[in-house]
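Notes for the one structure printed next.
The values are calculated or read from the model by the stated rules, or taken from the named source; none is laboratory data. Since this is a predicted model, take the numbers as computed values, not measurements. Don't worry about glycine lacking a Cβ; one is built from the backbone with ideal geometry, like all the others, and counts go over all protein chains shown.
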Amino acid sequence: MSVIWSKVWFDLWQRKARTALAVASIAAGVFAIGAIFGMVDQLQTGMDTAHHAVQPSHMNIVLTRVIDEATAQDLLKIPGVAGVEPLNIRSIRYKFAPDEPWQTGTLVMRQDFTRQTYDWLSLVRGVWPEQQGVGIERLSSAFYGYDIGDSVIFELDGTDRAFPITGEIRHPFVPPPNFGGAAYFFADGETMARLGIPQGLYNQMLVRVEPYSEDYARDRAAVIKERLAKQGVGIFLTIYQNPDEHWGRPFIEGITLVLRVLAVVSLLTSVILVINTMTAIITQQTDQIGVIKAIGGTSDVIARVYLAGVLVYGILALLVALPLGMMGAFATTQTLLNLFNIDYETFQFSTRAVWLQLFAAIVAPLLAALWPVLAGAAISVRQAIASYGLGGDFGYSTFDRLVEKVAERFLSSAYAMALGNMFRRKGRLWLTQGVLIVAGTMFLMVLTLSNSVTFTLENEFARREYDIKLRLIGLQRADRLTQLGQQVPGIVVLEPRYTVPTTVLREGEQVKDTAGLGGELIAVPAGSTMYEPLITNGRWLRPDESGNVIIISKDTADFNDVGVGDVLTLDLGVYGADDWLVIGTYQALTADPISTDPIYAPADAVTAATKQ
């Protein structure tokens, strides 16, 4: 073994605590980089791979009334429409035991569960729904604790009926029940007919276009809407989805961005600790550097001695952090993908994350150690023997003399010595302060972000003067709803609101909304105080407002360069199109990727436009 490595191993072994702390500081940053970047890579890849595997549709069109299969297949005559698959999805009320309260769920019916075209459902266990048997979505099964062999009670017209659960099914596009998602069930056409939709009729369509692009899908959706409108069928909602990207990406991108920033900050903190460690070692061993140079050692030899030690620190840290980072990334990815109903059982790791860990463990510490190592290696024999190490020139500058004078006048001897020692090595002082400042800044950033989100949510909910929001199937008379509300104990005020799906046009071109799902015109009763969004420009509706005026979201206005005073055309489908004046914009709480863009208008104006 060479003299260089003999000294390296001696320093590492004789100062085990220092070695352990250096390795731990590097390993912390390396682990953070590997776990977070590995998780992000696997999460996005896993989501997109699972998305591709189910043959995703390009559009999910929700209709205002049911159609037959011939009407759906007739849409294939539209140029660019490559495929159409009709289906039924409707809300139901269910419970698992007679003495339980009713809950709201979703019931899905496919034409043929064994020959699906788009958005494939997967049979996990049991059999497909048939002969009065129903399937339960596997997330719902796990969350509520009901499985094959149990029964679920559906509320039918005038009676209740228990259906046996005969299958466990995976649906690729369900919100997790852990975060408030409704329970999903699956049934055949006969069971759906008992719930009000006759066999052979459908209320939704899955559509694909060829060739695919978002703009072309929107263009074909407009043609489909026009074709169906001629037959008296309106479109309540059109959900666009990119076949190459999972629908859940918007939910995780913001979180993963914050985590990546924290991982990089953790690495930078580790790097600063490496600099401090090497500075301390060289300061302590300045006399040894002088001896090495006195017997013929060069600056290059000395630099290699200490950089070799840093290399060993990095290798030891890598041996600890690399497997832990891989396992942490996989475990976190598996947990998050399970929330999105995606299986992820085979152990995998991100190649990019491994390379980043190698850089963080080997290259970054070596680069960080260059400054103190080269500074120490450059000391001459006379300086090394005569000095107190790096920073041994304390007391020669004006600032140093000022520190000494302040210490002598205001501090006792012990504190004066401590203050002088602190400023003796200014570089290490600033690095130490840098670690504390960065760590404190990130701590405050996270707390501020958390408190800001909480404050924003509290303000948003404070603007909502209602406790329950119910969405009805089909049109209902407002006076009848009010009368029913007065009969329910505990209801103080009930305010019916009419909503109608709309396509927003500007000079004949469809504008892009925040979620890409189209708009929803909401009729606000005169003088309503139930909810008033945060107005960012213009004004809210006056109590006596009755003309064709609207308030749109700030994001939609920014996307399309629309301002207060501009005129937009609202295409209400079967109800025709008309011009509306923008009088204000509001700030949406979030750009929800699965919700339409609310557009607020006076109830009298909406009634006049729709005759409803």
Of residues in the stretch 101-122 being among the β-branched types (Val, Ile, Thr) and at pLDDT 90 or above, the one nearest to the chain's Cα centre (by Cα): Thr106
Residue that is nearest to Ala27 (Cα to Cα), among those in the stretch 270-285 that are over 43 Å from the mean Cα position of the chain (by Cα) and buried (at least 20 other Cβ atoms within 10 Å of the Cβ): Ile281
Residue in the stretch 250-269 that is outside any helix (DSSP H, G or I), touching a helix residue (DSSP H, G or I) at 6+ places or on another chain (Cβ under 7 Å) and either crowded, with 18+ Cβ neighbours inside 10 Å or not small (Gly, Ala, Ser) (or both) present: no
Residue under evaluation Thr456, criteria (1) within 24 Å of Val606 (Cβ to Cβ); (2) surrounded by 11 or more Cβ atoms within 10 Å (Cβ to Cβ); (3) not aromatic (Phe, Trp, Tyr), criterion not met: (1)
Matching option when the condition is over 27 Å from Glu214 (Cβ atoms) and surrounded by 13 or more Cβ atoms within 10 Å (Cβ to Cβ), among Leu505, Leu568, Leu494: Leu494
Counted residues, the stretch 550-589 - those being modelled with pLDDT of 85 or more, in contact with a helix residue (DSSP H, G or I) (Cβ under 7 Å, 6 or more places away or on another chain) and under 15 Å from Ile522 (Cα atoms): 2
Only listed residue being among the charged types (D, E, K, R) and either over 23 Å from Trp120 (Cβ atoms) or assigned to a strand (DSSP E or B) (or both), chosen from Glu190, Glu168: Glu168
Test set (1) in contact (Cβ under 8 Å) with a residue 60 or more places away in the chain; (2) buried (at least 17 other Cβ atoms within 10 Å of the Cβ); (3) under 26 Å from Asn178 (Cα atoms) - Gly126 fails condition number: (1)
Single condition Thr482 does not satisfy, out of (1) more than 30 Å from Leu63 (Cβ to Cβ); (2) surrounded by 13 or more Cβ atoms within 10 Å (Cβ to Cβ); (3) more than 28 Å from the chain's Cα centre (by Cα): (1)
Answer from Pro79, Pro98 - the residue that is surrounded by fewer than 13 Cβ atoms within 10 Å (Cβ to Cβ), modelled with pLDDT under 90 and assigned by TED's automatic domain parsing to the domain that holds Asp147: Pro98
Matching residues in the stretch 122-138 - criterion: being farther than 20 Å from Ile92 by Cα and of a type outside the set (S, T, N, Q): Leu123, Val124, Arg125, Gly126, Val127
Selection count where residues are within 32 Å of the chain's Cα centre (by Cα) and either of a type outside the set (Val, Ile, Thr) or in a loop (DSSP other than H, G, I, E, B) (or both), scope the stretch 219-249: 17
Test set (1) at positive phi; (2) surrounded by fewer than 18 Cβ atoms within 10 Å (Cβ to Cβ); (3) under 34 Å from the mean Cα position of the chain (by Cα) - Ile535 fails condition number: (1)
Test: residue in the stretch 380-397 that is crowded, with 21+ Cβ neighbours inside 10 Å and modelled with pLDDT of 70 or more: no
Qualifying residue in the stretch 26-38 (condition: out of contact with any Lys or Arg (no Cβ under 7 Å at 6 or more places or on another chain), among the aromatic types (Phe, Trp, Tyr), modelled with pLDDT under 90 and not assigned by TED's automatic domain parsing to the domain that holds Leu201): no
Criterion violated by Val363 - all others in (1) within 16 Å of Ala28 (Cα to Cα); (2) in contact with a strand residue (DSSP E or B) (Cβ under 8 Å, 6 or more places away or on another chain) satisfied: (2)
Residue list for the stretch 40-77, restricted to those being under 14 Å from Ile235 (Cβ atoms) and hydrophobic (A, V, I, L, M, F, W, C): Met59, Ile61, Val62, Leu63, Val66, Ile67, Ala72, Leu75
Matching entry among Ala321, Ala280, Ala294, Ala317 (being in contact with a Lys or Arg (Cβ under 9 Å, 6 or more places away or on another chain) and on the phi < 0 side of the Ramachandran plot): Ala280
Those strands (runs of 3 or more DSSP E) lying entirely in the stretch 530-612 with at least 1 residues in contact with a Ser or Thr (Cβ under 9 Å, 6 or more places away or on another chain) and under 30 Å from Asp467 (Cβ atoms): 534-538, 549-553, 577-587, 597-602
Scope the stretch 38-56; condition within 19 Å of Arg170 (Cα to Cα) and either among the β-branched types (Val, Ile, Thr) or in contact with a strand residue (DSSP E or B) (Cβ under 6 Å, 6 or more places away or on another chain) (or both); matching residues: Thr49, Val54
Extreme residue, modelled with the lowest pLDDT, among residues of the stretch 171-187 that are under 28 Å from the mean Cα position of the chain (by Cα) and not in a loop (DSSP other than H, G, I, E, B): Phe179
Hey, Thr71 buried (at least 17 other Cβ atoms within 10 Å of the Cβ) and at pLDDT below 90 or not: no
Residues (aliphatic (A, V, I, L, M) and buried (at least 21 other Cβ atoms within 10 Å of the Cβ)) located in the stretch 338-355: Ile342, Ala353
Of residues in the stretch 193-218 being in a loop (DSSP other than H, G, I, E, B) and not small (Gly, Ala, Ser), the one farthest from Val134 (Cα to Cα): Pro211
The stretch 246-265 residues that are farther than 30 Å from Gln55 by Cα, paired with ones that are at pLDDT 80 or above (beta carbon under 7 Å, 6 or more apart): Leu259/Ile36; Arg260/Ile36; Arg260/Phe37; Arg260/Val40; Ala263/Ala32; Ala263/Ile33; Ala263/Ile36; Ala263/Phe37
Boolean, Gly290 is modelled with pLDDT under 80 and more than 26 Å from Ala439 (Cβ to Cβ): yes
